[in-house]
């Protein structure tokens, strides 16, 4: 990582970076916006970049054309191509998702592939879950509103 950039960010206590390239290590940032962002053993709340690379770190919300996560996690990943290995993603919305040894809570993608991956909800499962939950809630409201006549 460029030592001068890191020192400047720490001194100015900036949450927003708008350099052509941005690299972070062992730090946490609020919002990062750049063409390419690399996070190693750090984190950020919001990252907007063309290319996002995370290694042993985490991001709350990542937006980019290419998002690559190794041994880390992302709460919400929105991109064209998302690759996750040995990590986790809560919600991924992308054209292509490739995973390896990963857990994904919800995935909405044109193509999902990979090895040793647990996807809890895809779009079809989420729709079915919503329908079942709606029916159960409707029945509960109907029967909970009745009084016994004995």
Convex hull projection area averaged over all views, region 62-127, Cα basis, nm²: 3.5
Backbone N within region 93-133 under 14 Å of label point (7 Å from residue 140 Cα along the Cβ vector): 130-133
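Which FRET efficiency value, to the nearest 0.05, is calculated for residue 124 and residue 36 with the Förster distance at 41 angstrom and r the Cβ-Cβ distance?
Numbers: r = 34 Å, r/R0 = 0.84.
Efficiency for this residue pair is about 0.75.
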Distance (nanometres) between label positions extended 7 Å along Cα→Cβ at residue 91 and residue 110: 2.2
Shape metrics for region 93-148, restricted to C-alpha atoms - Rg then Dmax, Å: 17.1, 55
Over region 30-99 - Rg/Rh using Cα atoms and the Kirkwood inverse-distance radius: 0.90
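Each reported figure results from applying straightforward, stated rules to the coordinates on display, with no laboratory input. Worth saying up front: this structure is predicted, and the values here are computed from it rather than measured. When we count neighbours, we look across all protein chains shown, and the Cβ atoms used for this are built from the backbone with ideal geometry, even at glycine.
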